[in-house]
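Asker: First the structure, which I've put down as structure tokens, then a few questions once you've had a look.
The values are calculated or read from the model by the stated rules, or taken from the named source; none is laboratory data. Since the model is a prediction, treat every value here as computed from it, not as a measurement. Positions of Cβ are backbone-derived with ideal geometry, glycine not excepted, and every protein chain shown enters the neighbour counts.
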Amino acid sequence: MTTTATKKQLHRIDLIFNNDDDCKEILRNALSRSDQEIVNEMVNSGLKGRGGAGFPTGLKWKLTAESKEKEKYVICNADEGEPGTFKDREILTRVPHKVLSGMAMCAKIIGAQKGYIYLRGEYKFLVPDLKKELRKFHDILDELGLDFRVEIFLGSGAYICGEESALIESMEGKRGEPRNKPPFPSVNGFKGKPTVVNNVETLAHSYTILKFGAKKFRDLGVKDSRGSKVFSVSGDTPIPGIYELELGMTVQDFVDDFGDGDCKAVQVGGASGFLVPRKRFAKTTIGYEGKLTGISLPTGGSMMIFNSSRSMYNVLNNYLEFFEEESCGQCTPCRVGCQQLLKGIKAVKRGEKPTSYLDQLLKLTETMKLTAKCGLGQSVANSFSSIVENFREEMIY
Amino acid sequence: MSNMVNLTINGIAVSVEENKTILEAAKHLHIKIPTLCYHKDLCVAGNCRVCVVEQVGNHKLVASCATPVAEGMEINTNTLKVRNCRKHIIELLLTEHREECTKCYRNGHCELQALSAEYQITNQDFIDLVPDKNYTVDRLSPAIEKDDSKCIRCQRCVRTCAEIQSVGAIAVAHKGSEMKISTFFDRSLDEVVCTNCGQCIVHCPTGALTEKSYVEKVWDALADPDIHVIVQTAPAVRVGLGEELGLGLGTRVTGKMVSALKRLGFDSVLDTNFTADLTIMEEGTELLTRLKRALVDDDPEVALPMATSCSPGWVKYIEHKYPEYLPNLSTCKSPQQMFGALAKTYYAKNVNVAPENIISVSIMPCTAKKFEANRPEMKDSGYKDVDFVLTTRELAVMIRQAGIEFEKLNDESFDSIMGVGSGAGAIFGATGGVMEAALRTAYEIVTGREVPFENLEIIPVRGLEGVKEVTIKIEGTVEAWNFLEGVELKCAITNGLENAHQLLEVIKKGDKFYHFIEIMACPGGCLGGGGQPFPVDNEIRMQRMNALYEEDRNLPIRKSHENPEIVQIYKEFLDEPLSHKSHKLLHTSYVKREQY
Amino acid sequence: MDFHEKLVQNLVSKHGKDRENLLPILQGVIDQERFLSEEAILKISKEMSIPAADVYGTASFYSFLDIEPRGKYVIRVCKTITCAMKGKNQIVLAIENFLKIKVGETTIDKKFTILQTNCLGWCHKAPAMLINDEVYTELSPEKVVDILREYKEKN
């Protein structure tokens, strides 16, 4: 829209959103192949979980398939709550049949008869259309002779339910508190049965892989970060929205394409991800390599752009308020740690604590990362340390 | 035989069963890993995180209480990283916790305090969060106080209330920084299904849940020269008190306890075992009467199984959760309340003291007894039958405050009247004890012979199993009880309200039929009560239980009906079991209560 | 039998008594009454044999399962980062001024409650809000007043 002709535009991929309504054919074809073949295809594609954690999808299916249990479940994780992420809603709105096809294929392989879409309460308005889609899809399954049914399970406003074991607890009618792991859902999931929990986009990608084969997917991206990814772009950008891009781009490439020309920092992966300051744009790529080194950043696809008018203190404050509320509250490092971080930066800002207190808080985030029970508490450190380390002066003055 | 798994902890090799956790494996090597949310009685929560350890190859630390061992695992429990993280976690807990250790009821018995001492938390760098928290303190219940500002959210109480007791009076509510342990809409414990069993207290690591203390009131009474203060002591206290005062687990301290109570200034030191024996007479007769109505009169109204009513936690549980079974509860008051009613009538007359000048104190292993003594109907003497109830722990406080060197005390004997108890009365303190005592007496009344177990010991009713059953065939009845000839008396015994819940469901479905069931609210019976010393687990319960059975073996009289003071009271005062006077003083009725 | 007893009974017979149906049942009550009253939670507790404290504790975990009385229309303004950057505060102010209540409060006629909520998933169209289940995006102070005016006229 506003990009100049001289700028090199990132390659827009059109695998997820192209509206090919051929899931019956794709499924029919897939059903004719052996489970082993399909699992191999998934493994070879290099597809990793698109919710942000990046667990290899093929392996997840394989592990769950190995269980001898008769009752198993496939759950589509549509509890998209990460600040700055809205791609799953878009996928479920525009191409729900791809997600459902992915679920059906997974069900066939692991041996599940029942699937659920755990849809966050904030997206309740999607239910009528999704139900229509489900009816159509069930008819297709009947035609293909696949014994599988999908139901919608509605969340009720709890970010932590995006964590797969918390999601399962929630579906069991309990507080959405993450479980101790092991055992993992592949062994002990919904109602104690082996369960695959996959992100919306992951399932849509699995459909793409079935359609085009692992190679086409694998040819996109770099090294351990294969395929394309749907990005949710927001903040100080003239063109906010949903974009499917190849993995492995640098933040600089991204900013050149999406920034407003005054870009100060980019938050990759939402509040639980990392803030990349301008000086590191060129050195940072988006992908799964060297996870947590800060050189290559995994992401659920949230890209929030901040220009120079933004106070990084306010940004961090906003994240910490979010975590302080959305922590399930069961484990000490996360429940109390989030409160301390939030109160701590305020105290430094007000001059009630010395600036060196920030270093103490950084140490605290290290403890949270090492000891919190689940990914929420562990990842608060990401944004905290990347903001405080890169914008220390903004925390103080 | 399950498979063994080999791992190393701090470089030392250990081999344990495959389903064990790292924490349990470390115990084998005598390596102590600190814990807070972990409790042997409960399911694993893994939420406090103080038990984190380093697992080689894992960049995160793992919670040793929640992580199963795996072949080849290398664990380090004492690295710099582990210590620093643990310290941080303790510090964090302290910032949410109102630190007023010197003013805290649990001072000296607090696991958080002990851990802070162990890790030398002398600094407080993080911000005190307490001032901004709107913590509530609930002191309305006559038995249990709940102070949210002392709570560390380990959820041991919630798991106890749900898993052991199946009561669910408290639950985890809200999330994030607001997360707290709450009743239904945060009402007072006094208004909800809480049975006052106090199991939450003995499982709480801090001062968040404590008994309501009446120590000061008792000191006041003792200081008043015009008041005649008497005290009764429940059977389980004598096998718990020593533990609280530095003697070994399961030490019997009956004589020392009596001696200490005398030194504290009680005018008369008496024994609840006496009214335990009396309970057997009344309840045993009630059972036989119900059986007669069922078997001879074919009375469809008679409620069987008859259930014991000595445990006030159990009584309140059934009032809340199974009101349809209220007719099954024996109408007998608990031994404490029988004692109370007699103290201000029979005893008062006997010692020639005006009942209004008597303060009747009871020492109980129980917090529900505090509630029970406060039930409005417990005034059959014309006065409040039992004025103050102290737990075993509170008695220990008084003994310490009085400067009594408990372990050096000589044994002394209970005063009289109402100071003699049989071995049958003593075992009331253990699960199965009431059943055993009842059978010793009832069988003998009906057949004229001793119960057919060696040395009177009815082994099948003993022990910590959830549900125990015993069937006794009644043969060779004396004339008055001929209708019971050949009857197989079916009995069941359970301890802990979750087990009681299971048993009631079985009975409700009609899967099993019993004539008589004994139910104690607390695991192990009163010896595992909510007023007993910290800490508790099954090993400790077993030690206390063995001590009670030893007490029984060592008493000259081991059957309730042979207790000379029992013979005396029927002769001089009550006439006979279920007499008019008995009904007035020793029996009671129950109410249906709310379900939240 | 009063209204919410009947409501709970219908929901329980529709979804079932097993624990995993608790959320849909709580949501069903919210759909009708906008909040979970003590009576409703007690009824659910009895019908499903879950301790009342547990139902209460579970409900209080979820920010959409309100346990305080709410108005007929619950307004939830997104307060997370992008909406905050794009003028959420002005939106809240405009709503407060229009309805003459503060965040967390309910109008006297019990028609509106103003709340703030975490990320609604409309960051590219910030600021955003929900009125009950309906989404409104790319809000401005003027637009939000227009929207509310329409609601005010509705029954």
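Asker: Are any of the residues in the stretch C:128-140 more than 18 Å from the chain's Cα centre (by Cα), within 14 Å of another protein chain (Cβ to nearest Cβ) and either surrounded by 15 or more Cβ atoms within 10 Å (Cβ to Cβ) or under 25 Å from A:L320 (Cα atoms) (or both)?
Answerer: yes
Asker: Also, I was wondering about something else. Could you list, in sequence order, all residues of the stretch A:343-362 that are within 10 Å of another protein chain (Cβ to nearest Cβ) and within 26 Å of the chain's Cα centre (by Cα)?
Answerer: Here is the first cut: in the stretch A:343-362, the ones within 10 Å of another protein chain (Cβ to nearest Cβ) are A:343-344, A:346-347, A:352-353, A:357, A:360-361.
Listed by number, the list is empty, since nothing qualifies.
Asker: Kindly provide the set of residues from the stretch B:36-67 that are touching a residue at least 40 places away in the same chain (Cβ under 8 Å), within 12 Å of chain A (Cβ to nearest Cβ) and in a loop (DSSP other than H, G, I, E, B), ordered by number.
Answerer: Passing the criteria: B:L36, B:C37, B:C43, B:A45, B:N47, B:C48, B:R49, B:V50, B:S64, B:C65, B:A66, B:T67.
Asker: Mind checking which pairs have a first residue in the stretch C:135-155 that is assigned by TED's automatic domain parsing to the domain that holds C:T117 and within 15 Å of C:V92 (Cα to Cα) and a second that is of a type in the set (S, T, Y) and surrounded by 14 or more Cβ atoms within 10 Å (Cβ to Cβ), Cβ under 9 Å, 6 or more apart or different chains?
Answerer: Qualifying pairs under 9 Å: C:K143/C:Y136; C:V144/C:Y136; C:I147/C:Y136; C:L148/C:Y73.
Asker: Just to verify a result, which residue in the stretch B:372-387, among those that are crowded, with 24+ Cβ neighbours inside 10 Å and touching a helix residue (DSSP H, G or I) at 6+ places or on another chain (Cβ under 6 Å), is nearest to B:V269 (Cα to Cα)?
Answerer: For the stretch B:372-387, the residue satisfying everything is B:V386.
Asker: Oh, and also: B:L94 passes all but one of (1) in a loop (DSSP other than H, G, I, E, B); (2) free of Cβ contacts under 8 Å to residues at least 40 places away in the same chain; (3) under 33 Å from the mean Cα position of the chain (by Cα); which number fails?
Answerer: Of everything listed in (1) in a loop (DSSP other than H, G, I, E, B); (2) free of Cβ contacts under 8 Å to residues at least 40 places away in the same chain; (3) under 33 Å from the mean Cα position of the chain (by Cα), B:L94 misses just condition (1).
Here's the yes/no breakdown for (1) over 13 Å from the mean Cα position of the chain (by Cα); (2) more than 14 Å from chain B (Cβ to nearest Cβ); (3) of a type in the set (D, E, K, R):
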{"residue": "C:S45", "(1), (2), (3)": "yes, no, no"}
{"residue": "C:Y56", "(1), (2), (3)": "yes, no, no"}
{"residue": "C:F64", "(1), (2), (3)": "no, no, no"}
{"residue": "C:T80", "(1), (2), (3)": "yes, yes, no"}
{"residue": "C:G87", "(1), (2), (3)": "yes, yes, no"}
{"residue": "C:A94", "(1), (2), (3)": "yes, yes, no"}
{"residue": "C:K102", "(1), (2), (3)": "yes, yes, yes"}
{"residue": "C:W122", "(1), (2), (3)": "yes, yes, no"}
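Asker: A further question on this structure: Identify the residue in the stretch A:363-397 that is away from chain B (no Cβ under 12 Å) and in a loop (DSSP other than H, G, I, E, B) and, among all such residues, is modelled with the lowest pLDDT.
Answerer: A:Y397
Asker: In the stretch A:50-57, is there at least one residue being surrounded by fewer than 22 Cβ atoms within 10 Å (Cβ to Cβ), free of Cβ contacts under 8 Å to residues at least 40 places away in the same chain and not in a helix (DSSP H, G or I)?
Answerer: yes
Asker: Only one residue in B:V536, B:V591 is buried (at least 20 other Cβ atoms within 10 Å of the Cβ), outside the structural domain of B:E465 (by TED's automatic domain parsing) and of a type in the set (V, I, T), so which one is that?
Answerer: Checking each option against the conditions leaves just B:V536.
Asker: Let me ask you something else. Residue by residue through the stretch B:405-435, note down the ones that are among the charged types (D, E, K, R) and touching a Gly at 6+ places or on another chain (Cβ under 7 Å).
Answerer: B:E407, B:D411, B:E412, listed by residue number.
Asker: Something else now. Confirm whether C:R70 is basic (K, R), closer than 27 Å to A:I305 by Cβ, more than 14 Å from chain B (Cβ to nearest Cβ) and within 11 Å of the chain's Cα centre (by Cα).
Answerer: Criteria not met by C:R70.
Asker: Based on what the data block shows, is B:V158 within 22 Å of B:Q532 (Cβ to Cβ), modelled with pLDDT of 95 or more, of a type in the set (V, I, T) and in contact with a Cys (Cβ under 9 Å, 6 or more places away or on another chain)?
Answerer: Against the criterion (within 22 Å of B:Q532 (Cβ to Cβ), modelled with pLDDT of 95 or more, of a type in the set (V, I, T) and in contact with a Cys (Cβ under 9 Å, 6 or more places away or on another chain)), B:V158 qualifies.
Asker: From the residues in the stretch B:439-461 that are among the hydrophobic types (A, V, I, L, M, F, W, C) and outside any helix (DSSP H, G or I), which one is surrounded by the most Cβ atoms within 10 Å (Cβ to Cβ)? Explain how you work it out, then say what you get.
Answerer: Filtering the stretch B:439-461 for residues among the hydrophobic types (A, V, I, L, M, F, W, C) gives B:439, B:442, B:445-446, B:451, B:453, B:456, B:458-459, B:461.
Adding the requirement that they be outside any helix (DSSP H, G or I) leaves B:451, B:453, B:458.
Numbers: B:V451: 18, B:F453: 17, B:I458: 24.
Filtering first and then ranking leaves B:I458.
Asker: Got a sec? Which helices (runs of 4 or more DSSP H) wholly within the stretch C:1-108 have at least 1 residues that are more than 30 Å from A:S232 (Cα to Cα)?
Answerer: Result: C:3-15, C:22-33, C:38-48, C:52-61, C:88-99.
Asker: Can you tell me how many residues within the stretch B:213-224 are within 28 Å of B:H39 (Cβ to Cβ), of a type outside the set (S, T, N, Q) and surrounded by fewer than 20 Cβ atoms within 10 Å (Cβ to Cβ)?
Answerer: The initial filter retains those residues of the stretch B:213-224 that are within 28 Å of B:H39 (Cβ to Cβ), namely B:213-215.
Subsequent filtering for residues that are of a type outside the set (S, T, N, Q) retains B:214-215.
Filter once more, keeping what is surrounded by fewer than 20 Cβ atoms within 10 Å (Cβ to Cβ): B:215.
Total satisfying the criteria: 1.
Asker: Being touching a helix residue (DSSP H, G or I) at 6+ places or on another chain (Cβ under 9 Å) and more than 22 Å from B:R153 (Cβ to Cβ), is that true of even one residue in the stretch A:173-180? Give the derivation first.
Answerer: Residues of the stretch A:173-180 that are touching a helix residue (DSSP H, G or I) at 6+ places or on another chain (Cβ under 9 Å), as a first pass: A:173-180.
In the following step, the residues that additionally are more than 22 Å from B:R153 (Cβ to Cβ) were identified as none.
There is no residue in the stretch A:173-180 that is touching a helix residue (DSSP H, G or I) at 6+ places or on another chain (Cβ under 9 Å) and more than 22 Å from B:R153 (Cβ to Cβ).
Asker: Got a number for residues in the stretch B:72-90 being in contact (Cβ under 8 Å) with a residue 24 or more places away in the chain, more than 14 Å from B:P34 (Cβ to Cβ) and within 14 Å of chain A (Cβ to nearest Cβ)?
Answerer: 4
Asker: Any chance you could count how many residues in the stretch B:316-358 are β-branched (V, I, T) and over 24 Å from the mean Cα position of the chain (by Cα)?
Answerer: Qualifying residue count for the region: 4.
Asker: Kindly indicate whether any position in the stretch B:22-35 is within 14 Å of another protein chain (Cβ to nearest Cβ), at pLDDT 95 or above and farther than 30 Å from B:G207 by Cα. Steps first, please.
Answerer: Keep residues of the stretch B:22-35 that are within 14 Å of another protein chain (Cβ to nearest Cβ), which gives B:22-23, B:33-35.
From what's left, at pLDDT 95 or above: B:22-23, B:33-35.
Still in the list and also farther than 30 Å from B:G207 by Cα: none.
No, that holds for no residue.
Asker: Within the stretch B:471-481, can one find any residue that is in contact (Cβ under 8 Å) with a residue 60 or more places away in the chain and not aliphatic (A, V, I, L, M)?
Answerer: Yes, there is a match, as at least one residue in the stretch B:471-481 is in contact (Cβ under 8 Å) with a residue 60 or more places away in the chain and not aliphatic (A, V, I, L, M).
Asker: I've got another one for you. Hey, could you check the stretch B:138-163 for residues that are aliphatic (A, V, I, L, M) and buried (at least 23 other Cβ atoms within 10 Å of the Cβ) and say which is farthest from the other protein chains (Cβ to nearest Cβ)?
Answerer: By that ranking, first place goes to B:A143.
Asker: Give the residue, chosen from B:A260, B:A208, that is surrounded by 23 or more Cβ atoms within 10 Å (Cβ to Cβ), under 21 Å from B:L527 (Cβ atoms) and either of a type in the set (A, V, I, L, M) or away from chain C (no Cβ under 14 Å) (or both).
Answerer: Testing whether each residue is surrounded by 23 or more Cβ atoms within 10 Å (Cβ to Cβ), under 21 Å from B:L527 (Cβ atoms) and either of a type in the set (A, V, I, L, M) or away from chain C (no Cβ under 14 Å) (or both) leaves just B:A260.
Asker: A further question on this structure: Residue check, B:A70 against (1) assigned to a loop (DSSP other than H, G, I, E, B); (2) buried (at least 21 other Cβ atoms within 10 Å of the Cβ), all met but one. Which one?
Answerer: Just one mismatch for B:A70, condition (2).
Asker: Next question, about the same structure. Just for helices (runs of 4 or more DSSP H) wholly inside the stretch B:173-273: which have at least 3 residues that are closer than 30 Å to A:K174 by Cα and not small (G, A, S)?
Answerer: Answer list for the stretch B:173-273: B:199-203.
Asker: Right, next: Based on this model, can you work out whether A:L320 counts as within 14 Å of chain B (Cβ to nearest Cβ), at pLDDT below 95 and within 15 Å of A:I387 (Cα to Cα)?
Answerer: No, not satisfied.
Asker: From the set of residues in the stretch A:221-241 that are touching an Asp or Glu at 6+ places or on another chain (Cβ under 7 Å) and either surrounded by fewer than 20 Cβ atoms within 10 Å (Cβ to Cβ) or among the hydroxyl-bearing types (S, T, Y) (or both), which is nearest to the other protein chains (Cβ to nearest Cβ)?
Answerer: A:T237
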